[in-house]
Amino acid sequence: MKTVLVLNGPNLNLLGTREPAVYGSETLADVERICEEAAQSHGLRAECRQTSYEGQLIDWIHEAGQACARGEMAGVVLNAGALTHTSIALHDAIKGAAVPVIEYHISNVHAREAFRHQSWISPVAKAVMAGLGVRGYGVAVAALALLAGADG
């Protein structure tokens with residue numbers, strides 16, 4: 001069974017308490033449950049990780065690229081948080097690892113501050129999704145399953 005790796009970046013560990021008007025009241029544990037259920041419905045397994053460290057995300061993306069090359073992984077759902085708007089290193093890691101990535105944002109970043117409109121991940125992502133709240137993670141997992149040709 002192939003895996004979908006769900007990576008969450010800085011401050012996403014604060015879901016449920018950080019700006020609930022923007023991000024909702026669901027927690028990171030709720031996100032993980034949503035992803036696991038969505039993956040299972042498509043014959044996949046979800047593995048969820050969160051870090052506040054850019055280098056850790058990069059290492060995990062490199063590992064995911066290797067797992068994809070071995071046929072063990074469908075790809076990555078990535079919510080890099082604020083690193084989306086600042087990290088050329090994440091851009092280069094995704095491109096270099098040749099891993100399919102769905103870029104996901106809980107809020108509609110294009111309806112927020114101007115600095116959130118720029119993404120260094122979008123140019124190397126297979127798709128970009130935003131604004132569906134935490135439930136959108138399930139949609140992102142389904143999109144990755146579709147791209148990977150997984151059966152549900």
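The values are calculated or read from the model by the stated rules, or taken from the named source; none is laboratory data. Note that the structure is predicted; figures quoted are calculated from it, not measured. All Cβ positions, even for glycine, are placed from backbone atoms using ideal geometry, and neighbour counts span all protein chains on display.
Here are a few things to note about the model shown:
- ARG70 vs. criteria without any contact (Cβ under 8 Å) to a residue 40 or more places away in the chain, surrounded by fewer than 22 Cβ atoms within 10 Å (Cβ to Cβ) and of a type outside the set (A, V, I, L, M): yes
- Qualifying residue in the range 32-50 (condition: of a type in the set (A, V, I, L, M) and over 23 Å from MET73 (Cα atoms)): no
- Close pairs from the range 105-117: first of a type in the set (Lys, Arg), partner modelled with pLDDT of 75 or more and surrounded by 10 or more Cβ atoms within 10 Å (Cβ to Cβ), Cβ under 9 Å, at least 6 apart: ARG116/ALA82; ARG116/THR84; ARG116/HIS85; ARG116/HIS105; ARG116/SER107; ARG116/VAL109; ARG116/HIS110
- Cβ pairs under 7 Å, 6+ apart, first in the range 19-43 and buried (at least 17 other Cβ atoms within 10 Å of the Cβ), second part of a helix (DSSP H, G or I) and among the small types (Gly, Ala, Ser): ILE34/GLY138; CYS35/GLY138; ALA38/GLY138; ALA38/ALA142; HIS42/ALA142; HIS42/ALA145
- Residues of the range 7-22 satisfying the condition of being modelled with pLDDT of 90 or more and part of a helix (DSSP H, G or I): LEU12, ASN13, LEU14
- Only one of the numbered conditions (1) surrounded by 22 or more Cβ atoms within 10 Å (Cβ to Cβ); (2) over 10 Å from the mean Cα position of the chain (by Cα) is not met by VAL139, and that is (1).
- Candidate set: the range 79-118, residues that are among the hydroxyl-bearing types (Ser, Thr, Tyr) and either at pLDDT below 95 or assigned to a helix (DSSP H, G or I) (or both); chosen: the one surrounded by the fewest Cβ atoms within 10 Å (Cβ to Cβ): THR86
- Selection over the range 34-72 of residues that are part of a helix (DSSP H, G or I), farther than 14 Å from ASN8 by Cα and not hydrophobic (A, V, I, L, M, F, W, C) gives a count of 8.
- On inspection, SER25 passes the criterion of being over 17 Å from ILE102 (Cβ atoms) and either modelled with pLDDT under 95 or assigned to a helix (DSSP H, G or I) (or both).
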